[in-house]
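The values are calculated or read from the model by the stated rules, or taken from the named source; none is laboratory data. None of the values given here were measured: they were computed from a predicted structure. Cβ coordinates were reconstructed from backbone atoms using ideal geometry, including for glycine residues, and neighbour counts include every protein chain displayed.
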Amino acid sequence: MHPGSRLNAWANAAEHHDEEQFAALVRDLAIALAIALVNAFNRGNVIVRRPAGDHQPGRFA
């Protein structure tokens, strides 16, 4: 990856989209990353055989 290529990608996207479209693109990217993170944690729970929703409030207090 070339230095500054990420900045170039953002600048290129901003040139081709108006402000509203660019904001929607950033929002959709953030949502996709959040979904990927939740998926990764769920896969980790499968590996350690801990079911999702096992949290009990105050258990560590």
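Summary of computed values
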| item | result |
| --- | --- |
| Pairs, first on the phi < 0 side of the Ramachandran plot in region 32-61, second assigned to a loop (DSSP other than H, G, I, E, B) and of a type outside the set (A, V, I, L, M, F, W, C), C-beta under 8 Å, six or more apart | Asn45/Pro51 |
| Arg49 vs. criteria modelled with pLDDT of 90 or more and either of a type in the set (Lys, Arg) or touching a helix residue (DSSP H, G or I) at 6+ places or on another chain (Cβ under 9 Å) (or both) | no |
